[in-house]
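Notes for the one structure printed next.
The values are calculated or read from the model by the stated rules, or taken from the named source; none is laboratory data. Every value quoted in this text rests on a predicted model; they were computed, and no experiment measured them. Every residue, glycine among them, receives a Cβ derived from its backbone with ideal geometry; neighbour counts consider all protein chains shown.
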Amino acid sequence: MNDDISATIVAKSDQLNACDLLGGPITVKVTGVNVYKNVDQPVSIQIDGDHQPFKPCLTVRRILAKLWGPSSKEWIGQSMTLYCDESVMWAGERAGGIRVSHVTGISSKQDVVTRASKHKTMAYIIEPLVIELPAYADESIEKNKAAWLASFDDSNTPEKLITKIKTKYTLTPAQEQTILNLNQEQAA
């Protein structure tokens, strides 16, 4: 029997809400971003897992733009930890809101200062988020060698293959060297 009630307190909504995070923070990966003009919530971030889209407030959009850049295309593949900040004010009342505490793509703690109101600024401390990738199996290199060799050309190089693999797996230096040496084996 499952004793976790988190799924039973999720708001019925078309977006991730602060109350959905009352059970604790979540770490999610950005899988897509839509930007709309002339709407109250102009950014909708699709996230992995069984979550509704995250529609960040202006403060969080400013933080993400500062850390990941203004091009939302660059956000895809990045990860972040979201939490419920119960001190967030809306229309003069404490309503709670979603904030970000950690993000990938930064190597050290970042202080981001943004406007909280007309006369007040707030500093937000964002920590680096390190996602541990699984190790790439040596057997997979042996298994894929022939296909990789056949696919190498001017636009598909061992270096590009290494970059692609490293988006999902960790390669050892020896594995990287083995892949780099494939081109030399083919030339010989």
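Some observations on this one:
Table: residues versus (1) at pLDDT 90 or above; (2) touching a Lys or Arg at 6+ places or on another chain (Cβ under 6 Å).
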residue: 67; (1), (2): yes, no
residue: 76; (1), (2): yes, no
residue: 106; (1), (2): yes, no
residue: 127; (1), (2): yes, yes
residue: 165; (1), (2): no, no
residue: 168; (1), (2): no, no
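- Selection count, the range 83-104, where residues are more than 23 Å from residue 45 (Cα to Cα) and either modelled with pLDDT of 95 or more or of a type in the set (A, V, I, L, M) (or both): 1
- Residue check for residue 115: surrounded by 10 or more Cβ atoms within 10 Å (Cβ to Cβ), touching a Ser or Thr at 6+ places or on another chain (Cβ under 9 Å) and modelled with pLDDT of 90 or more: no
- A residue that is charged (D, E, K, R), surrounded by fewer than 15 Cβ atoms within 10 Å (Cβ to Cβ) and assigned to a loop (DSSP other than H, G, I, E, B) can be found somewhere in the range 65-87.
- Comparison of 140, 101 shows that the only residue that is over 30 Å from residue 183 (Cα atoms), of a type in the set (Ser, Thr, Tyr) and surrounded by 11 or more Cβ atoms within 10 Å (Cβ to Cβ) is 101.
- Annotation for the range 60-69: at least one member residue is at negative phi and touching an Asp or Glu at 6+ places or on another chain (Cβ under 8 Å).
- Residues of the range 32-53 include at least one that is under 12 Å from the mean Cα position of the chain (by Cα), part of a strand (DSSP E or B) and in contact (Cβ under 8 Å) with a residue 40 or more places away in the chain.
- Every pair of residues 6+ apart whose Cβ atoms lie under 9 Å, when the first sits in the range 148-176 and is without any contact (Cβ under 8 Å) to a residue 60 or more places away in the chain while the second is exposed (fewer than 15 other Cβ atoms within 10 Å of the Cβ) and of a type in the set (D, E, K, R): 149/185; 170/132; 172/138; 174/138; 175/138; 176/166
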